[in-house]
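Dropping the structure in here first, questions after.
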Amino acid sequence: MNHPSRVNGQRRSSGGSGHGGSYGRSRPHRPSGRPSGGGARSGRPAGEFALPVSTTPALDPVSTFQELDMPAPLKSTLARQGLTTPSAIQSATLPNSLAGRDVLGRSQTGSGKTLAFGLALLARLDGRTAQPHKPLALVLAPTRELAQQVADSLAPYARSLKLNLTTVVGGMPISRQARALRQGVELVVATPGRLRDLVDRGDCALDQVDVAVLDEADQMTDMGFMPQVTAILQQVPTGGQRMLFSATLDRNVDTLVRRFLNDPVVHSVDPTAGAVTTMEHHVLHVSNADKQATATHIAARDGQVIMFLDTKHAVDKMAKHLLANGVRAAALHGGRSQPQRTRTLKQFKDGTVTALVATNVAARGIHIDGLDLVVNIDPPTDHKDYLHRGGRTARAGESGNVVTLVLPNQRREMARLMSRAQIEARTAQISSQDPELARVTGARTPTGVPVTLPAEPRQEASRSSRPPSRGRRRPRR
Ligand code: AMP
C-alpha cells in the first residue's frame, strides 16, 4: 500500500483547432428545430466521451484572467477571492464562452467548472435587468446541494455586477421562490423538478433566458430528469448561449447535446493530466466481525471524512453509533428534510461535524475544502458512483485517499468494479487495530465518550460556542 494508484487511460483533447476565429457577443441566429452542431461521432465504446464535430475553431487559451474580455468587477472579485491563475477548463473555455459560443465540457471534479461557466454567464448579463418572473439566465443542477453550492460560488461575482441571483430547489417553500422571481432576478440556479413546477404555475417564464447551463448533465439524466430538462430547454428561446457539463456523454446526454448545443467548443481533460493527480485508491479487505470497528476507528481520525453507505437506514445507524462513540458525525440522505440537509452540510463545511455519513446523495458535485479522505463503508455497486464518491477528495489539485472496505463475499464484485472504473488500487487485508490502517487513514481509537450535536436548526450553536475542532482546519470558502 505504499504507492500511489491512479485513474487510468483517458484522453485529453479540446475542441477546434485552437487557433484564430473571432466571435462577437451576439450570436448568429439559430433556426428553430435545427439539429445541433454536434455532428458525426467516432465509434467509441458507449459511455466514453465522444466529441461532436464543431465547425468553428476555438480561440486560444489564456494564461491569466486579466487577458479575458470580461467586466472589471469580475476581475477584481477573482483577485479578492485569491484566484490568480485560470484552471485548465477556465483557460480553454472562457475566451470562447465570453465571446458567446456554446460549450460542451467534460468537467473533471474540482476543475473549477463553476467559474468556467459562471463568469461567462455573468459577463453576458452585465448591465441588464430582468423583468418580473422572467430570468435572463438559468443554471440547472441535479441536486439541491449542488444548486446551492453553485449559487454560493457565484454570489460574490453576481453582487459585484449588481445582478440578482436566486436558488429554486425542491424541499423549500415554493411561495418564497415565487416571490423572489416576481421581484425580478437575472440568474436562477435550479433543480429541474422545482423549476418546472414554477413554470407550470406561471411564476416563472423562460422566454427571456439568454444563457442556459446544464451542470452535471449525466447525473440529471441518470436521476430521471430528462423530461423536465427537455421541457425547460424547449421553452428557452433558440439563438441563446448554452453550456453543458458532464462527466460522460451517454445516450441521454448525447441527445441533449445534439438537440440543444450549436457548434460548441468542446473541452475534455484527461483526469490523469489535470488537478486530480494525487488521489490514492485503497481496497481494504476486512472481516464481517471487524468492519464496524474499522469504520469507527477511521471516523475518529484527526481530520474530516465522508463515509458512504448504501441505505438511509444504515447511514442513520452508523451516524448514531459514531456519536455514541465520541465522533462528531451527522447523517446526510434523501430521507432528511431539506433544511436538515442544508444544515448538516454547513456544519460539515465549517468543521462542527467531522464525519459526514451519507448515501449517494452526497456523491456528486459537493465541494469541501481540504477534504483528504473518502471512505466507502459499503462498496458502491456502480463504477460511476465510485468515481463520483471519490471525487469529493483530491479536489483543485490537493491530495486525497479513497478507501473502500470490502467483505470477503464482496471481493470479486469489487475487483470487477475497479476494472470497469479503470482504477488500480492498493489492496490489503487489515483490521481495526492495524498500524497500516492508521497510516493510510489516520485511524485511531475513538474516545468512547458520547457527543451530541445541536438537534434543531434554531438551536444551532454559534461558531464561538461550538465544540473545539480536532480536525485539520483550513480556511473555508
Ligand atoms: P468547482 O470545480 O467549480 O466545484 O471548483 C472547485 C474549487 O476550485 C472551488 O473551491 C473553487 O473556488 C476553486 N477554484 C475555481 N477556480 C479556481 C482557480 N482558477 N484557481 C484556484 N482555485 C479555483
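Given an 8 Å cut-off on Cα distances and at least 6 residues of separation, report the relative contact order of region 47-268 as a percent. Kindly include the intermediate steps, with their values, before the conclusion.
On the way: 426 pairs, mean separation 62.4, N = 222.
Once normalised by length, the contact order is 28 percent.
While we're looking at this one, here's another question. Calculate, in nm to one decimal, what Thr447 and Gln433 gain on full extension: separation in residues at 0.36 nm each, minus their alpha carbon distance.
Numbers: separation 14, 0.36 × 14 = 5.04 nm, distance 1.47 nm.
Full-extension gain reported as 3.6 nm.
What's the extension gain from Lys162 to Asp69 if we count 0.36 nm per residue and subtract their Cα-Cα distance? Please list the in-between numbers first.
On the way: separation 93, 0.36 × 93 = 33.48 nm, distance 1.87 nm.
Length gained, Lys162 through Asp69: 31.6 nm.
Taking a ≥ b ≥ c as the square roots of the eigenvalues of the Cα gyration tensor of region 47-268, is the shape rounded (a/c under 1.5), prolate (a/b larger than b/c) or oblate? Working shown, then result.
Working: a/c = 1.63, a/b = 1.13, b/c = 1.44.
In terms of gyration-tensor shape, oblate.
Under a cut-off of 16 Å between alpha-carbon atoms, report the lysines in cross-link reach of Lys162, not counting same-chain residues fewer than 8 places apart.
By straight Cα distance, Lys162 reaches Lys75.
Still on this model: Tell me, what ³J(HN,Hα) does each residue in region 85-95 have, in order and in whole Hz, if you take phi through Karplus 6.51 cos²θ - 1.76 cosθ + 1.60 with θ = phi - 60° and put x for Gly and Pro?
Running phi through 6.51 cos²θ - 1.76 cosθ + 1.60 with θ = phi - 60° gives 10, x, 6, 4, 5, 5, 5, 7, 8, 4, x Hz.
Can you compute the FRET efficiency between Arg420 and Arg258 using 1/(1 + (r/R0)^6), with r the Cβ-Cβ distance and R0 = 30 Å? Round to the nearest 0.05. Before the final figure, lay out each step's value.
Details: r = 26 Å, r/R0 = 0.87.
For Arg420 and Arg258, the calculated efficiency is 0.70.
Compute, for region 400-459, the length of the dipole vector about the Cα centre, with Cβ point charges of +1 (Lys, Arg) and -1 (Asp, Glu) only. Units Debye, rounded to 20.
160 debye
What residues have an amide H closer than 5 Å to that of His267, excluding those fewer than 5 places away on the same chain, when H is modeled at 1.01 Å from N in the peptide plane?
Gly15, Leu104, Gly105, Arg106
Quick one: which residues, 5+ away or cross-chain, put their amide H under 5 Å from the amide H of Val327? H built at 1.01 Å from N.
Close amide H contacts, sequence-distant or interchain: Val451.
Can you spot the lysines whose alpha carbon is less than 28 Å from Lys320's alpha carbon? Ignore those fewer than 8 places along the same chain.
Cross-link targets: Lys291, Lys312, Lys346, Lys349.
On a C-alpha basis, how far is the centre of region 317-390 from the centre of region 57-104 in Å? Whole number, if you could?
Each part's Cα centre sits 33 Å from the other's.
Using the crude model of +1 on Lys and Arg Cβ and -1 on Asp and Glu Cβ, and no other charge, please compute the dipole size for region 279-441 relative to its Cα centre, in debye to 20.
520 debye
Looking at region 91-179, which trypsin sites (Lys or Arg not before Pro) are in a loop (DSSP not H, G, I, E or B) and have at most 16 other Cβ atoms within 10 Å?
Values: sites: Arg101, Arg106, Lys113, Arg124, Arg128, Arg144, Arg159, Lys162, Arg176, Arg179; in loops: Arg101, Arg128, Lys162.
Those satisfying the criteria are Arg128, Lys162.
Taken together, the values in this text are just the output of simple stated rules run on the coordinates, not laboratory data. This is a predicted model, so every value here is computed, not measured. Glycine gets a Cβ as well: all are built from the backbone with ideal geometry, and neighbour counts include every protein chain shown.
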